[in-house]
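**Q** What follows is a single structure, and I will ask about it in a moment.
We did not get these values from a lab; they are worked out from the coordinates using the rules stated. These numbers were taken from a predicted model, which means no experiment stands behind them. Here the Cβ is made from the backbone with ideal geometry for all residues, glycine too, and neighbour counts use every protein chain on show.
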Amino acid sequence: MEITRLHVGKRLSEVAIHNDTVYLAGQIADDTGADIVGQSREVLGHVDRLLAEAGSDKSCILMCQIFIADMAHFAGMNEVWDEWVASGHTPPRATVEAKLANPACLVEIVVTAALR
């Protein structure tokens, strides 16, 4: 059983790859001063970058979990999502309101994808 991990840290790895499946850690924005639109764009950029590094892309997403700090941000996050998601490849998705570890973070996104 081979597991490949990318960006391994003391607490977590950003990516794990096993059996042709890519698992991303929850992605958050570095610019926590941005609004929900800015944070969502940045987070989805992290997802794009990590999937590409792992040998996948957004058209291969199997499942997405989105955590937003306040459901009042739902429309703004969806605006960015709708521009970003691969047409014809919209994955199963769950979006929930959650108290995030860093109160300045408005959104955290977790993705599981197939390798290309």
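**Q** Is there any pair linking a residue in segment 41-68 that is closer than 19 Å to THR4 by Cα to one that is in a helix (DSSP H, G or I), with Cβ under 6 Å and at least six apart or on different chains, and which?
**A** What qualifies is ASP57/LEU51.
**Q** Looking at segment 28-38, can you tell me whether even one residue there is farther than 12 Å from LEU106 by Cα and either without any contact (Cβ under 8 Å) to a residue 60 or more places away in the chain or not acidic (Asp, Glu) (or both)?
**A** no
**Q** Something else now. Would you call ALA69 touching a helix residue (DSSP H, G or I) at 6+ places or on another chain (Cβ under 8 Å) and closer than 14 Å to CYS105 by Cα?
**A** Details: touching a helix residue (DSSP H, G or I) at 6+ places or on another chain (Cβ under 8 Å): no; closer than 14 Å to CYS105 by Cα: yes.
When the stated conditions are applied, ALA69 does not pass them.
**Q** Here is a check on your reading of the model: is ALA86 in contact with an Asp or Glu (Cβ under 9 Å, 6 or more places away or on another chain) and buried (at least 19 other Cβ atoms within 10 Å of the Cβ)? If you could, list the steps in order and put the result at the bottom.
**A** Working: in contact with an Asp or Glu (Cβ under 9 Å, 6 or more places away or on another chain): yes; buried (at least 19 other Cβ atoms within 10 Å of the Cβ): no.
Considered against the rule, which asks whether it is in contact with an Asp or Glu (Cβ under 9 Å, 6 or more places away or on another chain) and buried (at least 19 other Cβ atoms within 10 Å of the Cβ), ALA86 comes out as no.
**Q** Hey, can you tell me all the residues within segment 1-29 that are exposed (fewer than 11 other Cβ atoms within 10 Å of the Cβ) and within 17 Å of ALA101 (Cα to Cα)?
**A** Listed by number, the list holds a single entry, ARG11.
**Q** Output the number of residues of segment 44-78 satisfying the condition of being surrounded by 21 or more Cβ atoms within 10 Å (Cβ to Cβ) and of a type in the set (Asp, Glu).
**A** 0
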